[in-house]
1. Taking strands (runs of 3 or more DSSP E) that do not extend beyond region 29-135, which have at least 1 residues that are touching a residue at least 24 places away in the same chain (Cβ under 8 Å) and touching a Lys or Arg at 6+ places or on another chain (Cβ under 8 Å)?
2. Using the structure shown, decide if L764 is at pLDDT below 95, of a type in the set (A, V, I, L, M) and surrounded by 21 or more Cβ atoms within 10 Å (Cβ to Cβ).
3. Would you check which residues across region 108-141 are of a type in the set (S, T, Y), closer than 20 Å to I338 by Cβ and open to solvent by 10 Å² or more (accessible area, probe 1.4 Å) and list them?
4. For E147, indicate whether it is surrounded by fewer than 15 Cβ atoms within 10 Å (Cβ to Cβ), charged (D, E, K, R) and at negative phi.
5. Sort out which residues of region 172-188 are assigned to a loop (DSSP other than H, G, I, E, B) and at negative phi, and write them in order of number.
6. Looking only at residues that are more than 19 Å from D144 (Cα to Cα) and modelled with pLDDT of 90 or more in region 83-96, which one is most open to solvent (accessible area, probe 1.4 Å)?
7. Do we have L223 as open to solvent by less than 20 Å² (accessible area, probe 1.4 Å) and assigned to a helix (DSSP H, G or I) here?
8. Among the residues of region 670-701, write down those that are in contact with a helix residue (DSSP H, G or I) (Cβ under 6 Å, 6 or more places away or on another chain) and free of Cβ contacts under 8 Å to residues at least 12 places away in the same chain.
Amino acid sequence: MFQDLGAHLEKLLAEDNVTEDSRDQIEGCLGPSTVVLDHSSGFEGLLFVDDDLLGVIGHSNFSSIRATTCAYKGKWVYEVLISSQGLMQIGWCTLNCRFNQEEGVGDTPDSYAYDGNRVRKWNVTTTNYGKSWAAGDIVSCLIDLDEGTITFCLNGQSLGVAFSNIKAGPGIAYFPAISLSFKESVAFNFGSRPLRYPYYFYACYLPLQSPPTTDLINANRLLGYLKTVLSTSIDTQEEKLVERDSGTWQIQGDPTILVTLAHIFNHFAPLMCKVYLVEDVLMNFLLSILEGGGSVEEHPLIQQLLDLFWLLMEDHEVSECLKQLMMSLLRAYRFSPIIPDLGFQIHYLRLTTAILRHEKSRKYLITFDVLRSVVFFYIKTPLRVKEAGLEELIPTTWWPTRFDKEGKDERDTREETAEERLRRRAYERGCHRLKKRIEVVEELQVQILRLMLNNKDKGTGEASRYIFLNKFRKFLQENASNRGNPTVLCPPEYMVCFIHRLITAIRSYWDEGKRKSPGSISSEGTQHDLAAKANIIIDPAEIQASSMDDLDEDEETGAAQRPSGAVAMGGALARPSWLSSPTLGRANRFLSTAAVSLMTPRRPLAPPEKVKVRTLAVEQRTEEDIEGSHGNDGLLLGRPLEEPDQPITEKSLLEILDGVVMMYNLSVHQQLGKMVVVSDDVHEYAVALKDTEEKIARCPSRRLDILEELQKSQKVFAEKLNHLSRRLAWINATIYSKEKMLDVYWLLRVCLRTIEHSDSTGSLFAFMPEFYLNVAMNSYSALKNYFSPSNCMEELPGYEETLTQLAAILAKHFADLRIVGTDIKDSLMQALASYVCYPQSLRAVEKIPEDQRMAMMRNLLAPYEQRPWAQTNWILVRLWRGCGFGYRYTRLPHLLKTKPEDANLPSLQSDQLEWSLSFFINILLFLSAMCIRQRNFHI
C-alpha cells in the first residue's frame, strides 16, 4: 500500500490543476515575473533598499524610486505599508519622468501621486484629496488603464477617484513609484505576499505580481490531507479507520500514520519555504486552530504540528518556514487596524505565544532576530480616534476646567458642579474599560517574553534565556553605536513598550525564585535591599585599552594598565577574580555592558591574587557555565573558596536588568518626555476654551459678528478637546499608567541602591557606568513631571525615603573627584540645583545626615576658599560702577541720542549685577559673623 502512496499523492495533486497565470497569459503588464524595486537604474537620490528589494528608506532631501514592472492595459493594484507618517508621494509614473531632489512623483506631467502627510494629490498642480495617513496604515494604489482612472484606498476604504482621463495608448506604460523625504520609510507589496485587501475586494483589480496559483491549490490540498490523517486513527481490532479529535493526536502514535504523514510532507515541505504560501495557507490554518477560544495551552495541536515539522522536514526547510511564519506574524501584528477590542492584535499574539511554547522552534526563532521581535511588544497609539473605536469605548469626554494662578489644573473635586462630576466619572469609567482591554494585550506580550527568558528548557544545548541574552546584547550594541543610522535603530516608541514588558517579566521570574528558594532575592527585594546583596558593575575593559579576557597577568603589568580612577586604598587595585565574567566578549565591550557579579560584604582587600579565569565563546556557553551548577559559580568563576555559599538570584537576570537601565538611558526617557505633548495640548485647548466662553459671556448682544466668531472658535476648541481627551486616555493607559509609573520607580530604586553600594565598596565606583547616574536623575524627573496629574509621585511606596536617597547621592557626588566626565558633572550640578527649588525635595536634602550636609556646603563654597572671588568681584564692581573705561562719558551711553561706538559694553545690566554681587557678599559676611559668634560662645 505504502509503495503506491507517493504515486497516488502525485496523481491527486495533478488532478484539475489549472495552469498558473503568467505575464504572457495576462495581457497588460510588462516586466519580470517577480516585481521588486528597481535599485539599479530606476531611482534618484540616496535611498536604503531592503534585502528583499521591497522596503525603502529615504536618505536624502527627496528621493524617488520606481518598480521593475509596468502596466499598459487593464486594472492593476499594489499596496504600500506606511512605516513612518512623514512627507511622501506615492503613485504611478511613466518611463519618461525625470525626478530630482526637488521634484518627485506627481511633480511631472506623466506622474500621479497621493500625499497623506499633506492630504493632497499631485499631478504638476495639487489639490486637497483623501485623508491623513499614519504609521501602520496601508495605502492601495489602483490604476484602470481601460477607463483612464487612478484611485487610492487607505486601509481598504476608497478615497475616491483621484485622477481621470490619464494619458494612455501605444508607448505609454505606468510604473509604481514613490518619492520620500529623509528618514521616511515604506514597504511595498506587489503581490509577493497576499494583499491585505485582496484584489477581488477591488472589483477585479489584479496585483502586479501574479499569485502562485498552482502551489496554492496544492498547498491547500495537502493541508486538507494532513488534517484528515491527524483526525483519523486505525482500529486494529476491527481493522477500520475511526474518526477522532485532531487535538488529541500524539506523535508517538501508530507508525502507519507517521509513514502516511511522511509521504504528505515530501510534497508539503518544499511549498512551506515560499512566503506567499506560508502567509496565505499555513498562518491562516494555525490561526483557525485558536479561533475556538480558550487558553493557548488548550490547543496542543500546534505543538504536535511543530513536532512533525522538525521530524519530517529538512532543517533548512523548517528554518525557512518558521522564519517566514514569524515575519508574516510580525507584519500582520504591526499593520493590524486598531479596533475597540484589539481583536486582531490579540489573535496574532496568541498564535505567536503558541509557537514559542514549542522549545525547539523557540530557540531557533530567538536566534533568528530579537530586534524585529520588539515589534510584538509595541502597542501603537491611534492618530484617528474615530477609526480606532475610541468613541465607542469613551463616549463621554472630560478635561479640567479649573486652573490656578500659574495656569495648572486644580484637582479639587469639592468645587465641581454635578454635571462636571458626572462627566468626569463617565470619562474615568471609559478610561478604565480601555485600560482593561489594553492589559489583555500586555499580558500576552509578557507571556512571550517569559518564554524567551525561560531558563529551564528540557532539551539539550543553550537555554532560551542565554540565546536571548546574546541577542539582547547585540540589540543594545546596535542602538548604542548607530544613533544616527535609521536602518538599525529601534524606534523609541517601541523601546518604551519593550522596557515595561521586560521589567514585568524579570520581576515575575525573581518572584518565582523567591517562592522556590526563600533565601533568594525578590523583585521587591530589588527595591529595598538588592544593592546590599547584588550589584551590577561595569567591565573595566570599557575604560582600559588592553584585553581583560585573561587575567593571568603580572601584578606590575596589571597595575600599570589600570586607570587612575581604579586606584584606591593607597595602591593599584588589581581586579579581583570574583569580578570576572566569561559572558562578555570583545564585540560589545565598549557598550559599558556590565559584568554581573553578586556582591556581599567582602573581606578586607588583600594584595591582588594571580588567577586564571576560564573564558568561553558565546556559542560554547551553557546554562551551567553562566548560572553555575551549585548556585555560587558560573559567572563568578574564580570566586575565593573561603566565601560561604549562599542562595543567590539568577545572575543572568541581573545582566538583563543592566541592559534595561541602558535602554532607559538610550531613548526611553526622551520618548516619555515627547508623549507629554498630548497632555500639554489638552491643557492649552482647555485654557483657550475657558477663555473663549468667558469672552462669549461678556460679548455685547449688539455685536453679533463677534459673537458668531467666538462661537465658531468655541466649537473648534471643543471638537479638538474631544479628540485629544480620547487620545490622552489611550496614552495614559499604555505609557503613563500606575503600573508603568511603578516600573520607572522600581528602576530608580535599583539605580540608587546600585550607586550607593558601588560607592560604599570603594573601588567599584570607578567601574560603574555613568549612565546609572543619568538614569537615576532622569527617572526621578520623569516620575515628577511626566506621570502627573493622572498619577502622583507622593503616593509611591517609600517615596520620602527614595527622595532622601537621591538627595544624598546628588549632595555627595556633584563634586566627586572620581567623576571626570564633564557632561555627567554638569548634570549632577543641575539636578541638585533643581532639587532645592521644590519644597518636598528640599526637605529631602534637609534629611540627609549632617556630615553629608556639611560636606555639601564645603564643596559648594570650595571655589571661594582661596578668596580669588573677592578681588575679581571688586574689579568687576568698580567697572560696573563707572570707575573704569565703560563709563568715561559725562552721560550714560544708553541715554545719548547718538551712541558711541563702544556703547555695547555691559552698562544696562549694571544695577542688577551690582545688587546680586553685593547681596551675595553680604550673605557670606553674615554667615561668617554668625560662625565667629557661635565659636566664641562655645569657648
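The values are calculated or read from the model by the stated rules, or taken from the named source; none is laboratory data. Keep in mind that this is a model prediction, so the values were computed, not measured. Cβ coordinates were reconstructed from backbone atoms using ideal geometry, including for glycine residues, and neighbour counts include every protein chain displayed. SASA here: full protein model, heavy atoms, side chains in, ligands and nucleic acids out. Shrake-Rupley method; radii C 1.70, N 1.55, O 1.52, S 1.80 Å.
1. Output list reads 55-58, 75-82, 88-93, 111-115.
2. yes
3. Scanning region 108-141 gives a single hit, S132.
4. yes
5. I172, A173, F182, E184, listed by residue number.
6. Taking the candidates together, the pick is L87.
7. Taking the combined requirement at face value, the residue satisfies it.
8. Scanning region 670-701 gives a single hit, C699.
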